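Peer 1: Quick one: this structure, given as structure tokens, is what I'll be asking you about.
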Amino acid sequence: MTSREISSERAREFENNMAAIRRLCVLKVVVPGLVANAARTALCGAFVYQTGWVRSMNSSRLQSVGILETPKQQGKYETGQLFLHKVFGYRGIVLFPWVARLYDRDVASKTEERNLEEGLYTTAGKEVKGKTHTYYQVLIDSRDCPYIRAQTEGVTFLGNTENSRSLYAIPGLDYVSHEDVLPYTSSDKQPIQHELFDRFLTAQPGRIPPFTARETLRAWQEKNHPWLELSDVHRETTENIRVTVIPFYMGCREAHNANVYWWRYCIRLENLGEETVQLRERHWRIFSLSGTLETVRGRGVIGREPVLSKEQPAFQYSSHVSLQAPSGHMWGTFRMERSDGHMFDCRIPPFSLESKSDDNNSPHGFVGPKRK
């Protein structure tokens, strides 16, 4: 398995992990994140197994894709680093890092509780202070996209047309937190299958990692920086359901003699507990600087009512919002249902919608399908 000596106990542990995956393969069941979990608990240097293992209805064979590396506790991963997503289990490659401000309301809540216990509570205790955190722009392996519970169109742009509702999506791009990266190495010349792989990256033998950015990647990043930039991340947990929101400004277009400002927001729901829950409803409040307050209610999200269980704990999606003002705020709740029928509201952390300078650039040459 590796050149390292391993104890019989660790070997049995590794075999038990792999046996569990094989049983799922025979049943033709794909559980996102399971492969990453098994790889994480196995010994360092063991083979990593791909998430998209069900190649045909008659095959249950696993295929090795590389060798695990020790995750970095300090520093950043470089362009060209191969990785498995710790939660969703897909294969990916790092394009470039972002330094974001993480506003964690769970940390703020713990501070309030401690202040109350110590008799030091003040209004300042309610302040949510951001801390710097590293995220990465990544490519997702197209072979894994059908097996993950996350939208694979994490980046969208406004088209340069009079129709402000024309959105262009780039499939297979995602934003990944540093702690969700499980690095690995591979001897494959093209370990990631994505239409932008060859345009953005080139092999450089002897380098670690063995891929480096092409000039096209640097030019694309510079041109589209305002629409790609990840600057703020908001997080809050209610009854073991953690909601993470990342807003992005998309640009401004004129419609009916008025400016319309567009944002997209990526939302990840994660079940940190043992009990299975299902998302049933969403309730949004959208405040615009123009003075309007809109309420939006509906079943599920993007037409789905995802189940969050111990086996499939996470779900991620993106949506869009427009305002007739350059800034605003959003907040709300997701109504969740437990297996016993108990309902509770899971808070969506409030986040601001801020506009930036708009030079009407669009990612020509790299756009995906137009979305209505």
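The values are calculated or read from the model by the stated rules, or taken from the named source; none is laboratory data. Keep in mind that this is a model prediction, so the values were computed, not measured. Note that each Cβ is placed from the backbone with ideal geometry, even for glycine, and that neighbours are counted across all protein chains shown. Just the protein is used for accessible areas: all its heavy atoms, side chains included, with ligands, DNA and RNA removed. Shrake-Rupley method; radii C 1.70, N 1.55, O 1.52, S 1.80 Å.
Peer 1: Which entries in LYS131/LYS189; LYS86/LYS189; LYS189/LYS310; LYS86/LYS356; LYS129/LYS356 show an alpha-carbon gap greater than 29 Å? Before the final figure, lay out the partial values.
Peer 2: Values: LYS131/LYS189 38 Å; LYS86/LYS189 24 Å; LYS189/LYS310 36 Å; LYS86/LYS356 33 Å; LYS129/LYS356 22 Å.
Beyond 29 Å between Cα atoms: LYS131/LYS189; LYS189/LYS310; LYS86/LYS356.
Peer 1: Output the Cα-based Rg and Dmax of the range 260-345 in Å, rounding Rg to one decimal and Dmax to a whole number.
Peer 2: Final numbers for Rg and Dmax: 14.8, 44 Å.
Peer 1: Now for a separate question. If each residue of separation counts as 0.36 nm, what is the full-extension length gain between HIS256 and GLN278 once their alpha-carbon separation is subtracted?
Peer 2: That pair, HIS256 and GLN278, stretches by 3.9 nm at full extension.
Peer 1: How big is the range 216-299 by the Kirkwood estimate over distinct Cα pairs, in Å?
Peer 2: Details: mean 1/r = 0.0621 Å⁻¹.
Computed over Cα pairs of the range 216-299, the Kirkwood hydrodynamic radius comes out at 16.1 Å.
Peer 1: Figure the gain on full extension for SER290 and LYS310 (residue separation times 0.36 nm, minus the Cα-Cα span) and round it to one decimal in nm.
Peer 2: Length gained, SER290 through LYS310: 2.9 nm.
Peer 1: Roughly what would the spin-label model give for GLU195 and SER357, points 7 Å off Cα along C-beta, in nm?
Peer 2: It works out to 3.2 nm between the two label points.
Peer 1: How big, in percent, is the set of alpha carbon pairs in the range 183-339 lying more than 29 Å apart?
Peer 2: Details: 5027 of 12246 pairs.
Across the range 183-339, Cα pairs with separations above 29 Å total 41 percent.
Peer 1: Still on this model: Rolling a 1.4 Å sphere over the protein heavy atoms, what is the accessible area per residue of the range 138-271, to the nearest Å²? Let's see the in-between values first.
Peer 2: On the way: 5340 Å² over 134 residues.
Here the per-residue accessible area is 40 Å².
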